[in-house]
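See below for the structure under consideration.
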Amino acid sequence: MGNDGGSIAKRSDLAKDKKRPLKIDKAALRAARARLCALTQEPLAPPIVACKLGFLFNKPNLLIALSQKSLPKSLQHISKLKDIKDANIAQAPDSDRFICPISGLELNGSNRFIINWNCGCVMSEASLKEIPSKNCLVCGEPIAETISLNQSEEEQRSKRKSLVKSKNNSKDAGQPIKKAKLAEEDPIMTAHLKNMENEVYKSLFVNDNVDETFTCRHLRAGLR
């Protein structure tokens, strides 16, 4: 090539452009877990239920999937009604935002929340630390077990193993139940990555401008 009046192809011209790796906004992902149904990825709306991995669900959709045995592998730890708990989550006045009834903190993925598995009341961890009590700060029922709604990947992995082990050790009518297998997938993460192919969705979650926050992007899009 060359000496013919044309341009000479450079190595950079011949090399294929590599796709930029997706930069997932972890704050956006935490917010999605706090605001979206883990099964359908639709906005949470009462009645709401929680599982022991800290996922929240719109109850009608989960019950339908449970009855039809159509839950994805990532939610195989839910096989009966005892695996979920009705969540008593307070809503802010004149708003669809969920808050802690004690502290007023918003359930937005940034503030750590727990559910009292005994009664189903949801509150911020900060409230329970501020007012230590063996009884629920909302309804007064005893606190026997609390489940974090902000579990890390490591916490969920450990909890999954514990739940699967418990299911495999249980017996029904004297016969071992069919052994459950460990599924590591996070349904919110899976849907999040799949939807990243959608440019509109991606614009809300990919942090191309580090100075622009999750809140700013969603306010611009009209989401609260």
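The values are calculated or read from the model by the stated rules, or taken from the named source; none is laboratory data. Given the structure is predicted, the values throughout are model-derived calculations rather than measurements. FYI the Cβ positions are ideal-geometry reconstructions off the backbone, even for glycines, and counts take in every protein chain you see.
What to note about this one:
- Applying the condition of being of a type in the set (Gly, Ala, Ser) and crowded, with 20+ Cβ neighbours inside 10 Å to the stretch 49-69 and asking which residue is farthest from GLN156 (Cα to Cα) yields ALA50.
- Some residue of the stretch 53-65 being part of a loop (DSSP other than H, G, I, E, B), in contact (Cβ under 8 Å) with a residue 24 or more places away in the chain, out of contact with any helix residue (DSSP H, G or I) (no Cβ under 9 Å at 6 or more places or on another chain) and aliphatic (A, V, I, L, M): no
Residues are listed down the side, and each one gets a yes or a no for (1) over 21 Å from PHE55 (Cβ atoms); (2) in a loop (DSSP other than H, G, I, E, B):
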site	(1), (2)
ASP94	yes, yes
ILE102	yes, yes
VAL122	no, no
ALA126	yes, no
SER133	yes, yes
LEU137	yes, yes
GLN151	no, yes
LYS161	no, no
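- Here LEU149 meets the list (1) at pLDDT below 95; (2) within 18 Å of ARG30 (Cβ to Cβ) almost entirely, failing just condition (1).
For every residue, the table says whether it meets (1) aliphatic (A, V, I, L, M); (2) more than 21 Å from GLU42 (Cα to Cα).
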| position | (1), (2) |
| --- | --- |
| LEU66 | yes, no |
| PRO72 | no, no |
| ALA87 | yes, no |
| ASP94 | no, no |
| SER103 | no, yes |
| TRP117 | no, yes |
| GLU130 | no, yes |
| CYS136 | no, yes |
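- Residue check for GLU155: acidic (Asp, Glu), surrounded by 11 or more Cβ atoms within 10 Å (Cβ to Cβ) and modelled with pLDDT of 80 or more: yes
- Applying a threshold of 8 Å to beta carbon distances and a minimum spacing of six or more residues, or different chains, the list of pairs starting in the stretch 118-144 at a residue that is at negative phi and among the polar types (S, T, N, Q) and ending at one that is outside any loop (DSSP other than H, G, I, E, B) and surrounded by fewer than 19 Cβ atoms within 10 Å (Cβ to Cβ) reads ASN118/PRO142; ASN135/PRO142.
Here is a yes/no grid of residues against (1) more than 21 Å from GLU154 (Cα to Cα); (2) surrounded by 20 or more Cβ atoms within 10 Å (Cβ to Cβ); (3) of a type in the set (A, V, I, L, M, F, W, C); (4) without any contact (Cβ under 8 Å) to a residue 40 or more places away in the chain:
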residue: PRO43; (1), (2), (3), (4): yes, no, no, no
residue: LEU71; (1), (2), (3), (4): yes, no, yes, yes
residue: LEU75; (1), (2), (3), (4): no, yes, yes, no
residue: ASP96; (1), (2), (3), (4): yes, no, no, no
residue: GLU106; (1), (2), (3), (4): yes, no, no, yes
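- Check on GLY140, out of contact with any strand residue (DSSP E or B) (no Cβ under 9 Å at 6 or more places or on another chain) and small (Gly, Ala, Ser): yes
- Restricting attention to the stretch 117-147, the residues that are buried (at least 17 other Cβ atoms within 10 Å of the Cβ) and in contact with an Asp or Glu (Cβ under 7 Å, 6 or more places away or on another chain) add up to 2.
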